[in-house]
Structures are given as C-alpha cells and as structure tokens.
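Here the structure comes first, spelled out in structure tokens, and everything after it is commentary.
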Amino acid sequence: MRSKQYRIRIANFPQKKLLEELVIDALPEQAKQKLPHLKSLDFIKEGQNVILTGSPGTGKSHIAIGLGMEACLAGYRVFFATVPSLINQLKEHRSERTLRSFKLKICKLRSRHY
C-alpha cells in the first residue's frame, strides 16, 4: 500500500481523479471507443504512446490522470505533465545544464514495474 501511495505522489498529478468518476456519456465518441483498451493498460505493455487531443472540457485531463492512477496502482511508475509544463521543465533543465539527468529520469520510468 505504501509503495502505491509513493508512486502516486511522485507522479506529480495536479489532482487525484479516478476513471470511475469519469462521466462516460459526456465523452466524445472516439474516446468512448478507445477507453476500454486504455483502461486495460495494454498500451503500456505494448510500449505504445497515448496522446490525448481535443477541445477544452472533453475529459482529456481526467482520462490522463485516471490512467496514470490506474498505472500507479498496477505497479508502474508514472510521470504526469501537461505539454506546457513539460516544455517549461525541458527549458529549465536545458538552461541549468541538467537536461541529461532529466532525460535519464524519464527513461528509467519506462523500464520499471513493481
């Protein structure tokens, strides 16, 4: 239990949202169709990326946080960032000459499952 809480804490979610709290009927049709596959977390095992795009208020952040929470609970390490915050982090690490260590931190997440 403690390790799950630790993974959720270090994932840096802006808020805690679960997929069970998602209003499925309010999602765009394409999201409704793909959600079952995403919930299975098979995309992680298959090494696939997921990019959520769409208009504001369509559930992208809720889905991303919910999937991240599910992954943490399933034993995966997660790094959550919005595109603007990721770009800012990359710029900061580049100016501080710590970009390589930031990249290594991200790469380590890929190979870890507990």
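Here, each number is a calculation from the coordinates, and none is a lab measurement. Quantities reported herein were computed from a predicted structural model and do not represent experimental measurements. Cβ sites come from the backbone with ideal geometry, for glycine too, and all protein chains shown count toward neighbours.
Within straight-line reach of Lys34, meaning a Cα separation under 27 Å, sit the following lysines at least 8 residues removed in sequence or on another chain: Lys4, Lys16, Lys17, Lys45, Lys60. Ignoring aspartates and glutamates fewer than eight residues from Lys39 along the same chain, the ones with Cα atoms less than 20 angstrom from its Cα are Glu20, Glu21, Asp25, Glu29, Glu70.
Compare Lys39, Lys16, Lys103 in a GNM of the chain, Cα atoms joined below 10 Å, and give the one with the largest fluctuation. Comparing Lys39, Lys16, Lys103 in the GNM, the peak value goes to Lys103. Annotation: segment 1-89 has a Kirkwood hydrodynamic radius of 13.7 angstrom, from the mean reciprocal C-alpha pair distance. Centre-to-centre, using Cα atoms only, segment 68-91 and segment 1-50 are separated by 11 Å. Compared with the alpha-carbon gap, the fully stretched path from Cys107 to Ser85 is longer by 6.1 nm at 0.36 nm per residue. For segment 60-108, a/c is not less than 1.5, where a ≥ b ≥ c are the root eigenvalues of the C-alpha gyration tensor, and a/b does not top b/c. That puts it in the oblate class.
Amide H contacts of Tyr76 (H built 1.01 Å from N, in plane; Pro and chain starts excluded): Tyr114 sit under 5 Å, all sequence-distant by 5 or more or on other chains.
Between Asn49 and Glu29, what FRET efficiency comes out of the Förster formula 1/(1 + (r/R0)^6) with R0 = 30 Å and r the beta carbon distance, rounded to 0.05? Approximately 0.85, to the nearest 0.05.
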